[in-house]
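Taking it in order: structure first as C-alpha cells, then the write-up.
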Amino acid sequence: MSSFESINYSIRPNKNIERKLVFEALKTLNAQIDFSKYRYVGLGGRWFIDFLLAHRYLLVTDMISISYESEAARAEFNKPYGSIVVEPGESSEVLPRIDLGKKQNLVWLDYDSSIGGPALKDIEIVSNTATSGSILLVTLNANNKNIPHKDSNENPMNPEEALRYHFGDLIPPKLPSGALTGNGYPKFLANVFMHHIKSCVYKSGRNLKFFPIFNYAYRDGVSMITVGGVIGDTMHESALKESGVMKASGVTGEEQYVIDAPNLTVKEKLALDCMLLRDVPPTKPEVFATYGFELDNDKLAAYHRFYRLYPTFGELQI
C-alpha cells in the first residue's frame, strides 16, 4: 500500500515548507527560464500538492503524473487541473514512454521508498534523455532503519554491504564517521545521490553537467531528503549565476539544509507570530512569561526561520 493511503502529504509541516522553498527558489529563475513552456513530471498520488504549486508559482500547464495502475482511477478523479495527464504504471516503465527529449522538463521524483526502490534507475533514465535546461529533483526516505537488509536473492546484508550493493563505486572505501547513524545518514545519502546524478548526466555523453541547487533534510516523523538541480550546458550555468537563485532562502547547493520547524497548534502559531518581525527569535523564558507554555530555544529559532512558510490547517464543513 502506498503511503498516501494513510498520509495526506499536504499537512506535514516540514514537507509543506520544503515544497514552498523549492518553488520560491525556482521562481527566481523566471527571468532566465520560461517555465510556462516546461512540462512538469511528478508522482502526484492523490493529493497533487506539487502540481498545484508548479502551476501557481511557475505557470506550468503541461503536466504528467505517474501513478500505480491500481491507483490511477482515483488519481484521475482527484487531479486538480484538466491538463494533468495521469500515466499508469511503475515509474521506471513510464518515464521511458515520456519523450523527455522533446521539451524541457521539471521532474520531481518524490518517493516514499528508500534506496531499494526505483530511484537509482529512474535518475539514470531522466539523466540520459532530459533536454538541457531541465530540472531534476529526487526525494527519498533517509531513515537509516530502512536500509535494505537483503539483496535481490534474499541474501542477508549489513547496512554497509547494502550501500555497496546498491551504489557500487559511489560508496568510498571507508565510510565517513557517523554515516550510518540516524543523524549522519541523511547527509551521507544526499551526497551519494548528488554524485549519482552527476555521474549519470556525465555518462549520457551529451556534454551536459548537473548543477546542484537543492539539498534538504527534514523530518515529519520519518527522515527524508530531497536533492535537485539543473541538467544543463554552460549557458544554463551562466543563467543560474545571473538569476540569483543560489542566494534564495534555503538554497545551499551541495551543502545540506535542514528544515526542522516544530509541530505547533494553530493557537501556538498565532501567539508566536505576535512575537516575530524582529531580528532575533523569541526565547523560551519570553514565551513562558508571555503565554505560559514552553518551547525549547532551538524550536523557537526554527519557527522564526520558517514562519512565513509555516502551514495552518482547519476543518471545512461541506
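The values are calculated or read from the model by the stated rules, or taken from the named source; none is laboratory data. None of these values were measured; they are calculated from a predicted model. So basically every Cβ, Gly included, is an ideal-geometry build from the backbone, and we count neighbours across all protein chains shown. For the accessible areas, the whole protein counts, side chains as well, though only heavy atoms, and no ligand, DNA or RNA atoms are used. Shrake-Rupley method; radii C 1.70, N 1.55, O 1.52, S 1.80 Å.
Among the residues of the range 174-189, those identified as among the hydrophobic types (A, V, I, L, M, F, W, C) and either part of a loop (DSSP other than H, G, I, E, B) or open to solvent by 30 Å² or more (accessible area, probe 1.4 Å) (or both) are 175, 179, 180. Tell me, which residue of the range 23-38 that is buried (at least 22 other Cβ atoms within 10 Å of the Cβ) and out of contact with any Leu (no Cβ under 7 Å at 6 or more places or on another chain) is farthest from residue 251 (Cα to Cα)? By that ranking, first place goes to 33. Please determine whether any residue of the range 57-69 is under 20 Å from residue 125 (Cα atoms), in contact with a His (Cβ under 9 Å, 6 or more places away or on another chain), hydrophobic (A, V, I, L, M, F, W, C) and open to solvent by less than 50 Å² (accessible area, probe 1.4 Å). Yes, there is a match, as at least one residue in the range 57-69 is under 20 Å from residue 125 (Cα atoms), in contact with a His (Cβ under 9 Å, 6 or more places away or on another chain), hydrophobic (A, V, I, L, M, F, W, C) and open to solvent by less than 50 Å² (accessible area, probe 1.4 Å). Could you check, for the range 96-109, whether at least one of its residues is assigned to a helix (DSSP H, G or I) and open to solvent by 10 Å² or more (accessible area, probe 1.4 Å)? Yes, the range 96-109 contains a residue that is assigned to a helix (DSSP H, G or I) and open to solvent by 10 Å² or more (accessible area, probe 1.4 Å).
Would you confirm, using the coordinates I've provided, whether residue 303 is surrounded by 12 or more Cβ atoms within 10 Å (Cβ to Cβ), touching a residue at least 40 places away in the same chain (Cβ under 8 Å) and either within 30 Å of residue 139 (Cα to Cα) or of a type in the set (A, V, I, L, M, F, W, C) (or both)? Against the criterion (surrounded by 12 or more Cβ atoms within 10 Å (Cβ to Cβ), touching a residue at least 40 places away in the same chain (Cβ under 8 Å) and either within 30 Å of residue 139 (Cα to Cα) or of a type in the set (A, V, I, L, M, F, W, C) (or both)), residue 303 qualifies.
Considering only the range 223-270, state which residues are part of a strand (DSSP E or B), open to solvent by less than 20 Å² (accessible area, probe 1.4 Å) and either more than 19 Å from residue 130 (Cα to Cα) or polar (S, T, N, Q) (or both).
From the range 223-270, those part of a strand (DSSP E or B) are 223-232, 257-259; that's our starting set.
From what is left, the residues that are open to solvent by less than 20 Å² (accessible area, probe 1.4 Å) are 223-232, 259.
Once the filter is applied, which keeps residues that are part of a strand (DSSP E or B), open to solvent by less than 20 Å² (accessible area, probe 1.4 Å) and either more than 19 Å from residue 130 (Cα to Cα) or polar (S, T, N, Q) (or both), the range 223-270 yields 223, 224, 225, 226, 259.
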